[in-house]
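Reviewing the structure listed below.
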Amino acid sequence: MNKALKVIIISIVVILAIILGIYIIQKLAPFASNVTTDIKNNLPKSGTDDFSIYVPKGWTEVKTLPGISLMAVNNKEESADPAAKKINFRTYLAVSYDTLNNRTLSEYIQYIKNSLEQTAPDAVYSNERSGKINDKDAYFIEADVYQQGVNVKALLVFILGKDKDIWTISLNTTKLEWDTYSDLFSQIANSFEVK
């Protein structure tokens with residue numbers, strides 16, 4: 001696969017997880033399945049053989065497009081944002097996987113920002129910081145994006161995995177409801193475990 005094609009594919013996957021989540025929620029919610037429960041700690045957890053993550057009770061896992069490992073939606077949410085109601089936007093989380101391809105974590109994050117600027121040139125990034133999630137290096141960014149008339153605010157978390165791979169968690173809600181979800185988003189992100 002040539003380099004340009006790979007850049008385009010990765011950009012599309014990240015954009016889907018952050019911006020086009022609205023479309024995915026609207027079109028794929030009828031295919032929802034129940035979220036499984038992790039018996040060990042009695043918290044709703046989901047994932048694959050490669051990772052697990054806390055999924056809040058009542059959120060529904062939806063089937064997604066290739067490149068997105070998991071997506072869960074708060075289908076019971078009644079948004080106070082009229083624009084969000086109009087397009088049936090729901091708060092959601094998405095997990096995707098990629099490799100660093102000889103980049104450092106900071107180079108990868110800049111690469112993702114550059115890719116996003118092509119489709120969301122008005123995106124604003126704030127509260128960027130390094131941290132750890134379950135002993136793995138992580139980087140946290142808050143992003144504000146205006147999409148389909150909705151002011152969406154997201155917490156993006158980049159987590160180094162094994163063998164130069166990287167996981168991205170995108171936690172998205174309306175800007176109006178950010179204060180309601182910000183602590184929960186932090187709990188979800190910090191529950192992420194690479195197996």
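What follows is calculated from the coordinates using simple rules that are stated; it is not laboratory data. Please read all numbers here as calculations on a predicted model, not as lab measurements. Please note: Cβ atoms are built from the backbone with ideal geometry, for glycine as well, and neighbour counts cover all protein chains shown.
Where does each of 122, 98 land when they are ranked from fewest to most other beta-carbon atoms within 10 angstrom?
122, 98
Ordered by residue, what ³J(HN,Hα) values in Hz, to whole numbers, does region 145-156 give under the Karplus form 6.51 cos²θ - 1.76 cosθ + 1.60, where θ = phi - 60° and Gly and Pro are x?
Karplus-based 3J(HN,Hα) across region 145-156 equals 9, 9, 9, 6, x, 10, 7, 9, 10, 10, 9, 9 Hz.
How much length is gained if the chain between residue 57 and residue 76 is pulled fully straight, taking 0.36 nm per residue apart and subtracting their Cα-Cα distance, in nm to one decimal?
5.8 nm
Can you list the aspartates and glutamates whose alpha carbon sits under 17 Å from that of residue 85, skipping same-chain ones fewer than 8 residues off?
77, 177
Please give, to one decimal in nm, the separation of the simple spin-label points placed at residue 86 and residue 175, each 7 Å out from Cα toward the Cβ.
1.5 nm
Fewest first, what order do 178, 59 take by the number of other Cβ atoms within 10 Å?
178, 59
If each residue's Cβ is checked for other Cβ atoms within 10 Å, how do 95, 124, 145, 73 rank with the fewest at the top?
Neighbour counts put them in this order, fewest first: 124, 145, 73, 95.
Report the label-to-label distance for residue 130 and residue 50 in nanometres (one decimal), using points 7 Å from each Cα along the Cα→Cβ vector.
Spacing of the two 7 Å Cα→Cβ label points: 2.5 nm.
Want the number for residue 110 to residue 151: 0.36 nm per residue separation, take away the alpha-carbon distance, what's left?
That works out to 12.5 nm of additional length.
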